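To start, the structure itself, in structure tokens.
The values are calculated or read from the model by the stated rules, or taken from the named source; none is laboratory data. Given the structure is predicted, the values throughout are model-derived calculations rather than measurements. Cβ: placed from backbone, ideal geometry, glycine included. Neighbour counts: every protein chain shown. Heads up: the accessible areas ignore ligands, DNA and RNA and are worked out on the full protein's heavy atoms, side chains in. Shrake-Rupley method; radii C 1.70, N 1.55, O 1.52, S 1.80 Å.
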Amino acid sequence: MAPRMADPGSTLTALIERRHSVREYSDAAIDRVALERIVHCAQGGSALGKRNAPSAHALYPLRLFAVIQRLNEPEYAPGLYALDTPEGRLGEWVKTVPPEALRATALADDVWLELAAVVLVVAADYAAARAHFADHQPDGRRGERYVHIETGAVLQNMHLATLAQDLGGVIVAGFDDARLSSLLNLHAPLQPVALFCIGAPAEPSAGL
Ligand SMILES: Cc1cc2nc3c(=O)[nH]c(=O)nc-3n(C[C@H](O)[C@H](O)[C@H](O)COP(=O)(O)O)c2cc1C
């Protein structure tokens, strides 16, 4: 079906129209620079001194981590890394994460968690968001709502940036919270909100 609001002059429109979930990957490793560009678009510093995704009251309650499974850079061993999000760079190695263990946290059999080259983790400090917005709605729901809205913005930036790097990706949010937290050493106040699998599409045309 032809897009109703076609805007052929816009690179962004073209990218948005090509966005789709990619769940089949080749076994190729991905480049660190491509990964850091994706992280930069998701949560890196903006030209105006804030971040590339919006945050209510500029609170920034989200934290990103990366489970590296295949990166084109031998010094980055597979495992969980913290991400220095304003800089958009890979930070400290945290721990080993067996790919099959990551897949086992999914509620469905999301094999793409095991096959992806990298799985980005969006976690949130819900306590900070609840406390900050307590006077808006004291049951904490306003803060939680904002966390989820912000996660959506971050995921969409990630997805479009992934496509722009000729890679493919898919959101996975159907996971067992307790099992995933334990696997990734996420402790209160941090809780996982979403995962984003990234890889070179098995069928190159699928990613483009
Ligand atoms: C909040 C959310 C959660 C999702 N969780 C999963 C998931 O757990 N596993 C999965 O394979 N896809 C997941 N997806 C991807 C959707 O299945 C996908 O976006 C949908 O089928 C539309 O396809 P498209 O992205 O190719 O347009 C999720 C998407 C969203 C927005």
*Write down the accessible area per residue of the chain in Å², having rolled a 1.4 Å probe over the full set of protein chains.*
50
*Size of charge dipole - the chain - debye, nearest 20, with Cβ of Lys, Arg +1 and Asp, Glu -1, no other charges*: 520
_Cα centroid separation, the stretch 140-167 to the stretch 52-126 (Å)_ = 14
*Approximate spin-label separation Asp84-Asp7, in nm, with each point projected 7 Å along Cα-to-Cβ*: 3.5
_Overall form of the stretch 137-197 per C-alpha gyration tensor (a/c, 1.5; a/b vs b/c)_ = oblate
_Candidates Asn52, Asn72, Asn157: whichever shows maximal mean-square fluctuation once the chain is modelled as a Gaussian network with Cα springs under 10 Å_ = Asn72
*asked:* Please check: in the Gaussian network model of the chain (C-alpha springs, under 10 Å), which one of His20, His148, His187 has the largest mean-square fluctuation.
replied: His187
*Considering the stretch 56-208, what Rg and Dmax in Å follow from its alpha-carbon atoms?*
15.8, 50
